[in-house]
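Read through the structure below, which is laid out as structure tokens, and then see the notes.
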Amino acid sequence: MSFDGVFTHAMVQELHSQLVTGRIAKIHQPYENEIVLVIRAKGKNQRLLLSAHPSYARIQLTEIAYTNPDNPPNFVMMLRKHLDGAILEDIQQIENDRVVHFTFSKRDELGDLQNIVLIVELMGRHSTIVLLNKQTGKILDAIKHIGHSQNTYRSILPGSQYIEPPKQAQLNPFHAEKEYVFKILSTAETLDGKYLQQHFQGLGRDTAAELAFRLLESPNEKMTVWTNFWQDIQKNLTPTLGLKNKKEFFAPLIFKTFEQSTAYPNLSALLDAFYGEKAEKDRVKQLGNDLIRKVDNEIKRNQTKLEKREKTLRDSENAEEFRRDGELLTTFMAQVPRGAKTVELQNYYEDNAPITIKLNPALTPNQNAQKYFQKYQKLKNAVKLIYDQIAEAKDEIAYLESILAQLEIAGPMDIEVIKEELVASGYLKQKRSKKNRRQAASKSEHFIASDGTEILVGKNNLQNDQLTLKQARKTDIWLHAKNIPGSHVIIKNDQPSEETLTEAAELAAYFSKFRQSAQVPVDYVAVKHVHKPNGAKPGFVIYENQKTLFVTPEEESIERLRKNGTA
């Protein structure tokens with residue numbers, strides 16, 4: 001289901017019980033459309049995610065890790081100025097709409113108590129977060145600035161008077177009088193989800209369809225069904241991830257229209273499960289777009305270079321023809337007319353058979369001959385280097401394609417690691433942080449096999465080199481997807497069980513370009529048989545005496561191994 005007014009109502013109740021009276025300890029804006037407030041409440045720090053993402057707008061507590069930009073955006077600086085250390089006094093939903101007000105109290109520089117409201121509007125692509133001075137009604141700042149030219153109904157700009165979104169005319173189902181609800185339900189020509197949406201506020205399509213299904217299931221007990229549904233939303237939540245028509249949906253209750261369902265302890269945990277991978281991929285796209293564009297451009301540049309070098313190699317095969325034409329022009333100089341475009345001469349290299357030689361009309365016969373000798377010499381000199389240059393360009397393209405493959409499987413926390421590698425390899429310039437802090441080199445990811453064996457996975461080429469060439473013992477087992485860009489995997493055991501070997505191979509397949517494929521070939525061999533050629537790019541190794549496994553990576557299995565490693 002969508003994050004509709006009904007789910008917003010349930011989420012506000014959950015957050016109210018967990019956060020109200022808490023104090024803001026930290027404020028971050030890790031991504032363009034998302035704010036994270038670290039609130040100290042109920043004796044622990046809790047991370048409140050406020051998202052104005054056009055596709056994933058929501059409010060929730062989250063356990064998903066995030067990374068902060070080196071330089072905080074202007075909006076988060078304004079939030080810190082007005083909300084750092086503030087007390088959360090109230091969380092209120094406006095009617096049954098997707099608009100939530102977080103009201104904070106904090107003393108200003110003069111010691112006067114002021115109320116600041118953080119308004120979250122969950123309106124799809126129009127979603128926004130607004131910081132408001134409650135006393136004046138003036139906007140202090142917003143995560144998205146919208147001028148009058150973009151929206152004639154209202155402007156969302158610092159200093160503007162805050163105008164609420166247009167109100168809906170439908171009834172609030174939580175407060176509607178029973179007599180009026182009975183009349184609406186009883187007079188419907190077709191009681192379906194669309195009809196309910198036309199009369200009641202805040203019902204998403206899935207919620208309306210579920211409610212209509214329950215009402216039609218018991219046509220003689222409509223008001224009982226109606227009352228029970230809304231009471232369950234308010235008092236008996238069962239956060240559920242359901243499957244319907246092969247699509248996943250989240251709901252505050254176990255919907256009868258779900259074909260399969262999984263329960264979660266609370267709404268926030270449900271949203272982490274539903275949005276986790278979807279939002280993470282989008283965050284990677286946000287953070288990695290510049291890197292992808294840079295790597296793509298480098299690949300295109302090297303492909304152009306490779307094409308030119310291969311053309312030079314093809315031309316070098318004709319080098320002897322250039323020398324022959326120069327020799328013939330020199331020998332029969334007197335027979336070569338000035339200003340001609342071609343000349344026909346006897347080719348004494350092939351029994352005096354006639355041959356036509358192209359000429360530049362602007363050059364003398366001698367200059368034309370010298371031009372052919374120059375072409376011959378240039379190609380002879382080039383061919384000495386061209387094979388090395390072609391190999392170099394191919395290696396460069398293979399390396400950059402491995403970076404693209406890593407970006408495809410990267411999480412938000414991995415982007416900085418890949419950027420670190422591109423800086424070390426000279427593709428990006430090192431940006432100096434304002435704090436001029438030196439970051440420690442990133443470490444490989446840690447997994448534990450079912451039998452307790454330690455498995456390490458490199459998440460970029462620098463980690464791969466460190467893991468394989470320095471960290472691993474010579475007797476450890478090394479794995480890599482066969483002929484596919486991917487991670488180096490090390491089993492910290494010289495005689496792993498078949499189960500551990502298979503699990504490590506699944507990790508190697510999962511952290512490769514073919515993570516969505518079945519029967520991925522994975523090579524494995526003792527580390528002592530793995531070598532890095534002199535001058536090779538980061539992550540590139542050669543190996544021998546390998547054996548090959550075919551595995552199909554499953555995300556559930558990977559997550560289980562990851563949880564074992566963090567336990």
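Near V520, the amide H atoms lying under 5 Å from its own belong to V551, T552; only residues 5 or more places off or on other chains count, and H is placed 1.01 Å from N.
Taking only the C-alpha atoms of the chain, the Rg (one decimal) and the largest Cα-Cα distance, Dmax (whole number), read 34.0, 115 Å. Of the chymotrypsin sites (Phe, Trp or Tyr not before Pro) found in segment 151-180, the ones in coil according to DSSP and having at most 15 other Cβ atoms within 10 Å of their Cβ are Y153. Per-residue ellipticity at 222 nm computed for the chain from its helices equals -13000 deg cm²/dmol, with DSSP H segments shorter than 4 residues left out and the rest contributing -39,500 (n - 2.57).
Derived scalar couplings between HN and Hα for segment 304-317 equal 5, 4, 5, 4, 5, 5, 5, 5, 4, 5, 5, 5, 5, 5 Hz in order, rounded to whole Hz, by the Karplus curve 6.51 cos²θ - 1.76 cosθ + 1.60 (θ = phi - 60°), x for Gly and Pro.
Convex hull volume of the C-alpha atoms in segment 445-566, normalised per residue: 90 Å³.
In a DSSP loop and with at most 15 other Cβ atoms within 10 Å, the GluC sites (Glu not before Pro) in segment 243-351 are E259, E317.
Taking the Cα centre of segment 178-263 as origin and assigning +1 to Lys and Arg Cβ atoms and -1 to Asp and Glu Cβ atoms, the resulting dipole is close to 100 debye. Positive end of the dipole of segment 445-566 (Cβ unit charges, origin at the Cα centre): among P521, T552, G539, the Cα lying farthest that way belongs to G539. Extents of segment 178-263, largest first, come to 36, 27, 23 Å (Cα atoms, principal axes, whole angstrom). In order along segment 240-251, the phi-based Karplus estimate (6.51 cos²θ - 1.76 cosθ + 1.60, θ = phi - 60°) of 3J(HN,Hα) comes to 9, 9, x, 10, 9, 6, 6, 10, 8, 9, 10, 8 Hz; Gly and Pro are listed as x. Give the angle, between 0 and 90 degrees and rounded to the nearest 10, that separates the Cα long axis of helix 498-510 from the longest principal axis of the Cα atoms of the chain. Approximately 80 degrees, to the nearest ten.
What size of dipole, in debye to the nearest 20, comes out for the chain about its Cα centre when the only charges are +1 on Lys and Arg C-beta atoms and -1 on Asp and Glu C-beta atoms? Please list the in-between numbers first.
Values: 77 positive and 72 negative charges, 408 e Å.
Computed about the Cα centre, the dipole is about 1960 debye.
Here the Karplus relation 6.51 cos²θ - 1.76 cosθ + 1.60, evaluated at θ = phi - 60°, turns the backbone of segment 219-228 into coupling constants of x, 8, 10, 4, 5, 5, 4, 4, 5, 5 Hz, with x for every Gly and Pro.
For segment 84-186, applying the loop criterion from DSSP together with a ceiling of 14 other beta carbons within 10 Å to the GluC sites (Glu not before Pro) yields E109, E177.
When the Cα positions of A86, A212, T312 are compared along the charge dipole of the chain, T312 comes out farthest toward the positive end, with charges on each C-beta of Lys, Arg, Asp and Glu.
Throughout, read-outs are computed from the coordinates displayed, never taken from laboratory work. What you are looking at is a predicted structure, and each value in this text was computed from that prediction instead of being measured. Cβ atoms come from the backbone with ideal geometry, glycine included; neighbour counts cover every protein chain shown.
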